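Reviewing the structure listed below.
The values are calculated or read from the model by the stated rules, or taken from the named source; none is laboratory data. Quick caveat, the model's predicted, so the values are computed rather than measured. Here Cβ is always computed from backbone atoms with ideal geometry, including for glycine, and neighbour counts include all displayed protein chains. The area values use the complete protein model at the heavy-atom level, side chains included, leaving out ligands, DNA and RNA. Shrake-Rupley method; radii C 1.70, N 1.55, O 1.52, S 1.80 Å.
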Amino acid sequence: MTRLIPFLKQHIIGYAALILCISLLAGCSFSGSTKNSSAGGPVDGKGKLRVIFIDVGQGASQLIITPSGKTMLIDAGNNDKEQVMLDTLKGYGIKRLDIVIGTHPDADHIGGLDKVIDQLSIGKIYMPKVSSNTKTFESVLRSIQRKGLKVSSARAGITLNLDSGVQVSMLAPLTKYEDTNNMSAVVKVSYGKHSFLLTGDAEAESEKDMLASGADLRSDVLLVGHHGSKSSTSVAFLKKVNPQYAVIQSGKGNKYGHPTQTILKRLQKQGVKVYRNDTQGTVEILTDGQHFQIRAER
Ligand SMILES: [Zn+2]
């Protein structure tokens, strides 16, 4: 019940804002519980955990800002989104990233990381133990080397030291997989009563192993695996995570058909409220540990 009241309040305000938009026939951003706020715009983030699902088209990137101002970046979109990444980070006033995670070597995740590492002050970097001979991967490694940083291995069981009030743990990869998607670092971020599960491109095989590992998968917000491909978000995994909200990071009109109808229907059937980068732009979810506030660019 405690969750229901802010949830309803948020939606009532959201619908009211929508009606106002239609009646004014003017551009207006969708908002959760904050009127006329849009991701990237001013917000009172004091004492809140902010998770920003940056719109990088067909790709993925999540920026986490903790209540004490510590920062973590998971992935950075494709090579052609480097400027978007730099502008977005600048927009949030970020000059330093305490933790950077490259979930797996695919270009749509680590493509923009080289420039981010070049331009910002970086604390620790985590990537799964998997090699790749792509130019993109080599470019990221070169940037890491130039900064004199070392890559820590991303794997299940690790606890990340980001902010004393926020728990950050890695739930995958649990073993070595042939498919690089399954090598994705899966990160759970918890603050107060609420948690976010950020899944990279982990597919059903990794999900099955996470279920078998006995890790606490329950999360209020789920980053839908692999951009909403039907190879991820298996029924058993979704049931166990049991999210209230889901975010899908995919690009408008992408050639992969992401997100798939199968997954959209699966989420709908479980009553999950879905936010999408392709239709709503950047999505930001804030929590004080008790309530959620959700803002989207459009
Ligand atoms: Zn991907």
>> Take the conditions at pLDDT 95 or above, surrounded by fewer than 21 Cβ atoms within 10 Å (Cβ to Cβ) and either of a type in the set (Asp, Glu) or under 19 Å from the mean Cα position of the chain (by Cα) (or both) and apply them to Lys90. Does it pass?
In response: yes
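Name the residue that is modelled with the lowest pLDDT, counting only residues in segment 232-259 that are polar (S, T, N, Q) and open to solvent by 10 Å² or more (accessible area, probe 1.4 Å).
At the first step, the residues of segment 232-259 found to be polar (S, T, N, Q) are 232-234, 242, 244, 249-250, 254.
From the residues that got through so far, the ones that are open to solvent by 10 Å² or more (accessible area, probe 1.4 Å) too are 234, 242, 244, 254.
Numbers: Ser234: 98, Asn242: 98, Gln244: 98, Asn254: 95.
Of everything passing the filter in segment 232-259, Asn254 is modelled with the lowest pLDDT.
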>> Can you report the number of residues in segment 48-70 which are more than 14 Å from the ligand (Cβ to nearest atom), open to solvent by less than 10 Å² (accessible area, probe 1.4 Å) and out of contact with any Gly (no Cβ under 9 Å at 6 or more places or on another chain)?
In response: 3
> Any idea which residue in segment 204-223 is farthest from the ligand (Cβ to nearest atom), counting only those that are more than 18 Å from Ile101 (Cβ to Cβ) and outside any helix (DSSP H, G or I)?
Replying inline: Gly214
> In segment 123-143, what residues are crowded, with 21+ Cβ neighbours inside 10 Å and either of a type in the set (A, V, I, L, M) or in contact with a Leu (Cβ under 9 Å, 6 or more places away or on another chain) (or both)?
Replying inline: Ile125, Tyr126, Met127, Val140
> Within segment 286-296, is even one residue under 24 Å from Gly57 (Cβ atoms), open to solvent by 10 Å² or more (accessible area, probe 1.4 Å) and over 14 Å from the mean Cα position of the chain (by Cα)?
Replying inline: no
>> Suppose the filter is hydrophobic (A, V, I, L, M, F, W, C) and in contact with a helix residue (DSSP H, G or I) (Cβ under 9 Å, 6 or more places away or on another chain); does Leu286 pass it?
In response: no
>> So in segment 76-87, with the set limited to residues that are within 13 Å of the ligand (Cβ to nearest atom) and open to solvent by less than 10 Å² (accessible area, probe 1.4 Å), which one is farthest from Gln58 (Cα to Cα)?
In response: Ala76
> Within segment 32-39, is even one residue touching a helix residue (DSSP H, G or I) at 6+ places or on another chain (Cβ under 9 Å), hydroxyl-bearing (Ser, Thr, Tyr), open to solvent by 20 Å² or more (accessible area, probe 1.4 Å) and modelled with pLDDT under 95?
Replying inline: yes
>> Tell me the residue from Asn254, Asn182 that is among the polar types (S, T, N, Q), more than 14 Å from Ala60 (Cα to Cα) and within 15 Å of the ligand (Cβ to nearest atom), please.
In response: Asn182
>> Checking Asp106 against (1) within 18 Å of Asn182 (Cβ to Cβ); (2) surrounded by 22 or more Cβ atoms within 10 Å (Cβ to Cβ); (3) out of contact with any Ser or Thr (no Cβ under 9 Å at 6 or more places or on another chain): exactly one of these is not met. Which one?
In response: (3)
